[in-house]
Amino acid sequence: MIVEFGHFALILALAVAVGQSILPIAGFFRRDPALMAVAPRASMMQLLLVALAFAALTYAYLVSDFSLLNVVENSHSEKPLIFKISGVWGNHEGSMLLWALILALFGAAVAAFGGNLPQTLKANVLAVQGWISTAFLAFILTTSNPFLRLAEPPMEGRDLNPVLQDVGLAIHPPLLYLGYVGFSIAFAFAIAALIEGRIDAAWARWVRPWVLGAWIFLTAGIAMGSYWAYYELGWGGFWFWDPVENASLMPWLVGTALLHSAVVMEKREALKVWTVLLAILAFSLSLLGTFLVRSGVLTSVHAFATDPARGVFILAILCLFIGGGLGLFAFRAGTLRQGGLFAPVSREGALVLNNVFLTVAAGVVLFGTLVPLIVSAFGGAISVGAPYFNTVFGPLFGATLLVVPLGPLLAWKRGDLLGALERLWAVFALAALVAVLVAWMKGETHITALFGLGVAVWVLVGAFAELVTRARFREVGLSVGLRRLAGLPRSAFGTALAHAGLGVTLLGIVATSAFQSEAILEMKPGDTATVGAYSVTFDGIRNSSGPNYSESVATMTVREGGVVRFVVEPSRRFYAARQMPTTEAGIRTHGLSQFYVTLGGEGRDSGSVVVRMWDKPLVTLIWLGALVMMAGGTLSLADRRLRVGAPKPARRATVPAE
């Protein structure tokens with residue numbers, strides 16, 4: 001009964017979404033406040049109904065209701081509770097329902113917290129959200145219904161894919177979807193503004209918190225997915241340039257550009273056309289990522305859908321919103337009034353240069369991701385892998401990082417490049433010193449790594465140069481400077497932290513890529529191998545079992561200079577329900593570095609196993625940098641100017657009569 005109730009709630013949610021997508025727009029064109037007022041109420045009702053449907057599906061997983069096809073295919077009665085819950089979205093149908101829930105959540109948030117929005121803009125934004133909800137709810141109900149019943153339920157389920165039975169995968173998809181779907185608000189604001197034909201600094205102030213929130217969640221989702229792949233898949237890498245990874249990176253790059261462009265628009269009322277276009281592209285790339293992952297065109301642990309009907313439906317959604325959005329942009333862009341002018345050397349100019357690098361980098365990733373699929377569709381075969389991305393994307397993003405410390409030191413409208421460089425001479429000297437010291441310690445064979453380390457320090461330390469400049473320690477002294485520093489807005493500290501996080505992540509990427517030690521060999525119990533500065537002894541293997549798996553756990557004692565430093569225990573698991581083995585890496589963190597061990601198959605000699613070991617210096621900085629970026633974004637979001645938003649009119653405007 002609860003399942004049927006959830007199914008019925010989903011159908012009602014579709015009906016509400018249709019009303020939300022039509023009535024407010026009709027009210028806008030008819031200048032009818034009553035019709036426009038339907039939008040907030042419909043958004044709240046849609047959230048309630050989709051939440052009830054999601055709760056009903058979750059209940060079915062918790063009680064192991066194997067009369068539901070979705071539960072049979074993705075659950076097992078012995079599965080731990082957390083994975084029963086994460087199994088709700090660990091499949092195509094459930095993940096789409098989660099998408100719809102988050103979409104409804106964002107729409108309701110605009111309705112609840114958009115009290116200072118003009119009525120017409122609010123109605124149009126929520127109507128556009130209604131269009132998106134209608135498309136995805138129709139997709140779920142027609143091709144991906146999670147509430148399909150079985151006439152003869154089995155006694156037991158087939159279990160969730162063992163690779164997905166991990167805490168990281170319980171967290172990663174919701175975070176990623178909050179980022180993906182968060183950009184739908186920016187898209188809705190852009191389309192609503194194009195419908196009205198009015199975009200100004202107030203519009204940028206309204207949209208910026210939503211973009212910032214989506215960016216924070218997407219950063220968290222990408223970082224969590226990277227770390228999950230690093231420790232769970234057993235390959236020892238943090239990024240593979242897999243199309244599924246690229247699908248999340250592209251909207252992040254464009255979303256970052258959108259965030260910077262919205263700042264320029266808010267401060268100077270410039271880059272209006274650019275900002276609106278980026279808002280459309282950010283969500284368009286989110287939809288493209290959904291199409292790639294959910295349509296079945298990719299083979300991946302994330303790619304759930306294989307039904308061609310689903311791919312065609314998602315492709316239709318893609319064409320409707322991307323094509324419609326870009327078409328409306330092309331029709332309206334010429335009518336948008338241009339904002340303030342600025343010199344090439346200015347803060348605006350630096351942000352424009354930054355955005356050009358970011359969008360071109362996103363285009364490079366898009367090209368490398370789609371070309372193999374297009375060639376394959378015509379019967380050919382081509383592989384685009386890490387060498388292409390590292391060669392083309394690396395320099396573009398590196399150029400972006402070089403500009404990062406300079407931009408905040410330039411004045412609005414017209415800046416002094418030489419003056420900004422003079423303020424950064426100490427940062428440049430420190431970056432050069434770090435590169436020289438590493439060359440002296442490690443040798444001069446890693447020229448690219450030395451340059452990368454220098455750039456990382458340049459970005460990390462240079463991120464705080466603006467704070468020091470605004471505090472004016474030299475002119476006013478330490479005590480007054482500290483008071484000035486404490487009086488700066490939170491967004492200034494947030495920007496510095498976000499930029500510093502990029503430097504921290506780059507430092508971890510360069511250090512672990514250039515200076516890690518690796519060994520692949522066959523070992524028997526009692527054997528000892530050397531990895532970097534460590535000697536590793538294979539002590540033996542013991543058998544163990546978990547709730548729904550059996551495993552063989554190896555014990556490896558790691559010594560440095562003859563002294564035991566730590567013990568690492570990699571394992572191999574076997575999930576009987578799926579008849580599927582997995583590899584669980586043994587990882588030990590020491591300082592900011594990690595020692596990483598995985599077990600392969602049986603070796604050529606009797607009783608031996610293939611062991612792969614790495615010592616990864618500073619690898620944790622890759623994800624610590626992401627945390628710093630997220631902290632910076634959160635601090636900026638806490639800035640009072642963003643919480644308050646654009647000023648509320650003294651007297652609420654009424655819709656003029658025709």
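Bear in mind that the values in this text are calculations on the coordinates, not laboratory data. These figures come from a predicted structure and were not determined experimentally. As a convention, Cβ positions derive from the backbone with ideal geometry for all residues, glycine included, and neighbour counts pool all protein chains shown.
If the chain linking Val167 and Ser550 were pulled fully straight, counting 0.36 nm for each residue of separation and taking away their Cα-Cα distance, it would gain 136.0 nm. Full extension of the chain segment joining Leu48 with Leu69 gains 5.1 nm, where the gain is 0.36 nm per residue of separation less the Cα-Cα distance.
Starting from the Cα of Lys122, draw a straight line to each of the aspartates and glutamates and keep only those under 17 Å, dropping any in the same chain fewer than 8 residues away. Partners found: Asp32, Glu196, Asp200. Going by neighbour counts of Cβ atoms within 10 Å, the residues Lys442, Lys84 line up, fewest first, as Lys442, Lys84.
Only Lys, Arg, Asp and Glu count, each charged at its Cβ (+1, +1, -1, -1), so figure out the dipole size of the chain about its Cα centre, rounded to 20 debye. Show your work: numbers first, answer last.
Details: 46 positive and 37 negative charges, 555 e Å.
Rounded to the nearest 20 debye, it is 2660 debye.
Candidate membrane-span-like segments in the chain, meaning DSSP H helices with Cα atoms spread over at least 18 Å of their own axis and a Kyte-Doolittle mean of 1.0 or above, are 2-30, 38-62, 92-113, 119-143, 167-196, 272-294, 347-377, 386-403, 425-442, 447-462, 490-515, 621-637, with no membrane implied.
Toward the positive end of the charge dipole of the stretch 1-164, with +1 on the Cβ of Lys and Arg and -1 on the Cβ of Asp and Glu, the farthest Cα among Ser144, Ile132, Ile82 is that of Ile132. Model label sites at Glu422 and His590, defined 7 Å from Cα along the beta-carbon direction, differ in position by 4.9 nm. By the Kirkwood approach, averaging reciprocal distances over each pair of separate Cα atoms, the stretch 166-423 gets a hydrodynamic radius of 19.4 Å.
A straight line joining the Cα centroids of the stretch 136-169 and the stretch 544-606 runs 31 Å. Between Val468 and Leu150, the FRET efficiency estimated from the beta carbon spacing at R0 = 60 angstrom works out to 0.35. Candidates Gly419, Gly311, Asn161 compared by Cα position along the dipole of the chain: farthest toward the positive end lies Gly419, with charges placed on Cβ.
222 nm [θ] for the chain, helices only, -39500 (n - 2.57) per DSSP H run of 4+, per residue, to 500?
Working: 24 runs with 406 residues, N = 658.
Helix contribution divided over all residues of the chain: -20500 deg cm²/dmol.
Taking a straight Cα-Cα cut-off under 18 Å and skipping sequence neighbours fewer than 8 places away in the same chain, the lysines within cross-link reach of Lys442 are Lys616. Look at the Cα gyration tensor of the stretch 128-172: its axes a ≥ b ≥ c give a/c of at least 1.5 with a/b at or below b/c, and that counts as oblate. Our estimate of slack between Ala533 and Ala26, defined as 0.36 nm per intervening residue step minus the Cα-Cα distance, is 175.4 nm. Applying 1/(1 + (r/R0)^6) with r as the Cβ-Cβ distance of Phe451 and Val564 and R0 = 41 angstrom yields a FRET efficiency of 0.60.
Label sites at Glu78 and Leu521, each approximated as a point 7 angstrom past Cα along Cα to Cβ, lie 3.8 nm apart. Going from the residue with the fewest nearby Cβ atoms within 10 Å to the one with the most, Arg149, Arg470, Arg205 rank Arg149, Arg470, Arg205. Fewest-first ordering of Thr530, Thr583, Thr598 by other beta carbons within 10 Å of each residue's beta carbon gives Thr530, Thr583, Thr598. If only the Cβ of Lys and Arg carry +1 and only the Cβ of Asp and Glu carry -1, the dipole of the stretch 528-606 around its Cα centre is close to 100 debye. Note on the stretch 508-588: percent of Cα-Cα distances in each 10 Å bin, starting at 0 and stopping at the bin with the largest distance, equals 16, 40, 29, 14, 1. Projecting label points 7 angstrom from Cα along Cα→Cβ for Met1 and Met580 puts them 3.6 nm apart.
The orientation-averaged projection of the convex hull spanning the C-alpha atoms of the chain amounts to 33.9 square nanometres.
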